[in-house]
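Coordinate-derived values only; no laboratory data. Since the structure is predicted, the reported quantities are computational estimates derived from the model, not experimental observations. Positions of Cβ are backbone-derived with ideal geometry, glycine not excepted, and every protein chain shown enters the neighbour counts.
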Amino acid sequence: MSKIYLTTAIPYVNGAPHIGHAMDYIIADSYSRYHKLLGDDVRFQAGTDEHGNKIYRKAAENNLPVQEYVDGNAQKFKDFIKKLDVEYTDFIRTTNEDHMRRCQKIWEKLSDHIYSSRYEGWYCAGCEGYVTQTEYDENGGICPDHQKSYEKLSEENYYFRISDFKDQIREKIENDEVKILPEFRKREMLKLLEDSPDVSFSRPTSQLTWGVPVPGDESQVMYVWIDALSNYITVLGFPEEDISEWWPAAVQFVGKDILRFHSIIWLAMLIGLDLPLPKVICSHGHILANGQKMSKSIGNVVDPNEAIEKYGIDAFRYYFLRHVDTFTDGDFTWEKYESAYKTELANDLGNLVQRLATMAHKNGVKYDISDKDSANEILKDNPDYKVMMDNFEFSKAFDYAWEKVQNINKRIDDEKPWMLAKAGETEKLEDVLKSLVRDMIAANTLLVPFLPSATEKIKAVFEAEEILPPSTPLFPKD
Ligand code: MSP
């Protein structure tokens, strides 16, 4: 049994969760459940990123005291994660007192690499980030993500000397000591690292008040990313507690847009703190809606609650884990979602369970569970699946498991148990049905990381003393 720590990006609480936010959680949860099948002990962090100007402004727009505003939205994320059938162990909020105090201690520990200086240049209020002259020129002075003009800024603040760590980061990424996935993003990160200037680590309180105060300087608060990145270790108790039982993380899941912060600033911080680096940083692509980036101004943001309510959580996880490639962008349309539910989940899996359980019941077949049906044995029998899961290729592993489901359907069509029943070949019929049930249990086990709720129900049907078909269809079509 190994101990596995895995982390997810902590979303900003400047609005309600959208379908894109689900990706971090459901891929992390699939990985976590896979490790639990292997018998590992998993610690799973989730949380919310609650500081920064954007959130502060949103609270004001909503006429709410900022703490009240973030409390409400943090709860929405918590409820959302629960709805996703995601089993986390720790939930961290960056406005939490322990987190803020530990962040200040982290700052102090990094102080040899921090210096104060004046920034003169461009700034994007939407990104809350500085913009280089090259970026400014390339984007014609307008932020492509926020469609707002960059502002000119001159301010005093603290910088983190990335140059102190560049060689070590490069070496560790190149040697896969910290594995950046997918491979094409690793190359992008190495290129970005070369060009990366020192990063601003704070903002003057004239610019930003809603953040963690810089220790020993009342005129500055920490830049939101320093506070946010620290969550992965403050949640374990660092630097007040020994975190070596869980750290380094086995994997940190992030979206492609924030991989750069994790590959440069975060790794530099860890080296500066003398901590080992995570073994893997796995970045997923983004979800588009009808081929377009989701945005409130276009009005195409898909509410995950609506998608979950319509067809259930299994349908939601099914769509995003199988029909969205883990590493590249994926698309959501209601048509595709509905078709995946009706023609795949309901037909391939739902009907199969009903059909097979009915046949087994009618013919009085009992299936005795043995060691051969244990998760460990099933995983051993499917080494290709294991390799895919170990490589974080969730959609491929899901395809693999689904093929098993389709094979059982094909076997039923080919072996026609009802003909054996008609011909009175009871012994052969029993053998065929038992073997189909065995295959069903194996396929179901491979689906556990992706569809925890449905697989639980399927397990209850086929692993019971008496096989009984579900009284209501697993995936109703109306
Ligand atoms: N607060 C930062 C993360 C700090 S981590 C120390 C942030 N928040 S976010 O709310 O913008 O994004 C949270 C996560 O959701 C990120 O992993 C991001 O990539 C992911 N996604 C946001 N929109 C997404 C899609 N449309 N599709 C898939 N993932 C998306 O960045």
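Counting only residues 5 or more places away or on other chains, whose amide H sits under 5 Å from the amide H of Arg93 once H atoms are built in the peptide plane?
Amide H neighbours of Arg93: Thr48.
So which trypsin sites (Lys or Arg not before Pro) in segment 419-478 end up in coil per DSSP with only 15 or fewer other C-beta atoms within 10 Å?
Loop-located and lightly packed - Lys477.
Count the net charge of all other residues whose Cβ sits under 13 Å from the Cβ of Asp368, scoring Lys and Arg as +1 and Asp and Glu as -1.
Taking every other residue near Asp368 into account, the sum is -2.
Given the C-alpha centroids of segment 190-232 and segment 273-294, what is the distance between them in whole angstrom?
Between the Cα centre of segment 190-232 and that of segment 273-294, the gap is 21 Å.
If one puts a single equal scatterer on every Cα of the chain and applies the Debye formula without solvent, what log₁₀ I(q)/I(0) results at q = 0.08 Å⁻¹?
-0.55
State, to one decimal in nm², a quarter of the convex hull surface area for the C-alpha atoms of segment 295-409, i.e. the direction-averaged projected area.
Details: hull surface 37.2 nm².
Orientation-averaged projected area of the Cα hull: 9.3 nm².
Size of segment 318-385 along its principal axes in angstrom, Cα-based, largest extent first?
Here the Cα extents, ordered largest to smallest, are 45, 31, 11 Å.
If we count every other residue with Cβ under 10 angstrom of Ala249's Cβ, Lys/Arg +1 and Asp/Glu -1, where does the sum land?
+2
Picking from Pro383, His262, Met440, whose Cα lies most toward the positive end of the charge dipole for the chain (charges on Cβ: Lys, Arg +1; Asp, Glu -1)?
Met440
Which value, in debye to the nearest 20, gives the size of the charge dipole of segment 333-462 about its Cα centre, when Lys and Arg are +1 and Asp and Glu are -1 at the Cβ?
That gives segment 333-462 a dipole magnitude of about 380 debye.
For an R0 of 51 angstrom, estimate the FRET efficiency from the Cβ-Cβ distance between Thr205 and Lys3 and round to the nearest 0.05.
Result of the calculation: an efficiency of 0.80.
In cubic angstrom, how much convex hull volume per residue do the alpha carbon atoms of segment 426-478 span?
In segment 426-478, the Cα hull volume divided by residue count equals 99 Å³.
For segment 240-334, report the convex hull volume of the alpha-carbon atoms normalised per residue, in Å³, without decimals.
159
Fewest Cβ neighbours within 10 Å first, please rank Ile412, Ile369 accordingly. Before the final figure, lay out each step's value.
Values: Ile412 18, Ile369 13.
The order, fewest Cβ neighbours first, is Ile369, Ile412.
If you restrict to DSSP beta bridges whose two residues both lie in the chain, what percentage is antiparallel, to the nearest 5?
On the way: 22 of 45 bridges.
The antiparallel fraction comes to roughly 50 percent.
Using all alpha carbons of segment 198-259, what is the percent of pairwise distances in each 5 Å bin, ordered from the shortest bin to the longest?
Pair shares across the bins are 4, 15, 19, 19, 17, 15, 8, 2, 0.
Note down the magnitude of the dipole of segment 1-43 about its Cα centre, charges +1 on Lys and Arg C-beta and -1 on Asp and Glu C-beta and zero elsewhere, to the nearest 20 debye.
Working: 4 positive and 4 negative charges, 17 e Å.
Dipole magnitude for segment 1-43 comes out near 80 debye.
So what's the Cα pair-distance distribution over segment 386-444, bin width 10 Å, in %?
Going from the shortest bin to the longest, the percentages are 22, 39, 23, 12, 4.
About the Cα centre of the chain, how large is the charge dipole given +1 on each Lys and Arg Cβ and -1 on each Asp and Glu Cβ? Please answer in debye to the nearest 20. Please list the in-between numbers first.
Details: 57 positive and 80 negative charges, 183 e Å.
With only Lys, Arg, Asp and Glu charged at Cβ, the dipole is about 880 debye.
Compute the Cα gyration tensor for segment 51-169, then decide on rounded, prolate or oblate, letting a ≥ b ≥ c be the square roots of its eigenvalues: rounded whenever a/c is under 1.5, prolate when a/b is larger than b/c in the other cases, and oblate in all that remain.
Values: a/c = 1.86, a/b = 1.28, b/c = 1.45.
In terms of gyration-tensor shape, oblate.
Between beta-carbons, use under 15 Å as the cut-off and find the net charge around Ile81, counting Lys and Arg +1, Asp and Glu -1.
0
Which value in deg cm²/dmol, rounded to the nearest 500, describes the helix-derived mean residue ellipticity at 222 nm for the chain, given -39,500 (n - 2.57) per DSSP H run of n ≥ 4 and division by the residue count?
-13000 deg cm²/dmol
What residues qualify as long-range amide H neighbours of Val199, i.e. H under 5 Å apart, gap of 5 or more or another chain, H built at 1.01 Å from N?
Here the answer is Phe160, Ile162, since their amide H atoms fall under 5 Å of that of Val199.
In percent, how large is the relative contact order of the chain, given Cα pairs closer than 8 Å and 6 or more residues apart? Intermediate values should be presented prior to the final figure.
On the way: 718 pairs, mean separation 78.7, N = 478.
Result for the chain is 16 percent.
Calculate log10 I(q)/I(0) of segment 333-462 for q = 0.11, 0.15, 0.20 Å⁻¹, where I(q) comes from the Debye formula with a single equal point scatterer on each Cα and nothing for solvent.
Ignoring solvent entirely, the Cα scatterers give -0.41, -0.75, -1.21.
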